[in-house]
1. Return the loop-located trypsin sites (Lys or Arg not before Pro) in the stretch 2-74 (DSSP other than H, G, I, E, B) with at most 16 other Cβ atoms within 10 Å of their own Cβ; answer none if there are none.
2. Give me Rg/Rg_expected for the chain, where Rg uses Cα atoms only and Rg_expected = 2.2 N^0.38 Å with N residues.
3. Could you tell me how many degrees, from 0 to 90 and to the nearest 10, lie between the Cα long axis of helix 196-212 and the main elongation axis, the longest principal axis, of the Cα atoms of the chain?
4. Suppose we keep just the alpha-carbon trace of the stretch 137-194; what are its Rg and Dmax in angstrom?
5. Which Cα, out of ALA52, ILE11, VAL111, lies furthest along the positive dipole direction of the chain (beta carbon charges, K/R +1, D/E -1)?
6. Considering every Cα-Cα pair within the stretch 83-132, what fraction, in whole percent, is farther apart than 12 Å?
7. Taking the Cα atoms of the stretch 33-105, what is the range of coordinates along each of the three principal axes, in descending order and whole Å?
8. More than 14 Å apart: what percent of Cα pairs in the stretch 1-77 qualify?
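Nothing in this text is a laboratory measurement; each read-out follows from the coordinates by a stated rule. Everything quoted here is computed from the prediction, not taken from an experiment. Cβ: placed from backbone, ideal geometry, glycine included. Neighbour counts: every protein chain shown.
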Amino acid sequence: MSLRKYIPNTITCLSLFSGCVASVMAWEGDLWLALLWIVAAAVFDFCDGFAARLLKAYSPMGKELDSLSDVISFGFAPGVVVFHLLSDVAAALPLGTLNAYVPYWAFVIPVFSGLRLAKFNIDERQTSSFIGLPVPAHALLWASAAYALEPLAAITNASVFTVVVMILAFATSLLLVSEIPMFSLKVKSWAWKGNELRYILVVCAVLFVALWGCLGITATILLYIVLSIFNRRNR
């Protein structure tokens, strides 16, 4: 029996494992390692689909496993990251006993991520592109931004910091289930024509990370959103 059909699912399991470790790292307050493990999960998530196409090893189980893995790696893990970020400032809020409940707002991220994945699985329009922000991009946005912004929590007004994070968490989560078309990073050829936006994004990603470190990942995801909106308007 050929073992190649198990390769994509094995890679998906590695993505799930990475997401579990990222969640633990975030819960323990190590947002740097949480970011690295979410990046690893995103790499495995890209590779499992690539392997399935290359080996022609598609399966209904692989599709379901991929979604379950994504809920953890790109839903729950970034949710825990933001939970930790809000926990850093919650004690300084003027809400009394309600302070302890504020960080739980972070779990709008896994909730909307689950909705996004369920929508994706039944939406026949998303075979070659996406409608709404993909969950890996959303997870990378928050994991990188949270690590870069965590030092500000100690020197910024707690109420302002909390309100901004809560609003942004909800706003970006809405992008997950929005009807905004987003281009896919999957390539059918290496030609420039048809891949212009992908090449622009990759070049800018390298430049942004070289210039700004972790915030470069945040900037890359924001650029991805802008390019997708621009591409929609020019169709």
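1. LYS56
2. 1.04
3. Around 40 degrees separate the two axes.
4. Values for the stretch 137-194 (Cα only, Rg and Dmax): 16.6, 50 Å.
5. Of the options given, the answer is ALA52.
6. When all Cα pairs of the stretch 83-132 are counted, 68 percent exceed 12 Å.
7. So the three principal-axis extents are 57, 23, 10 Å.
8. 56
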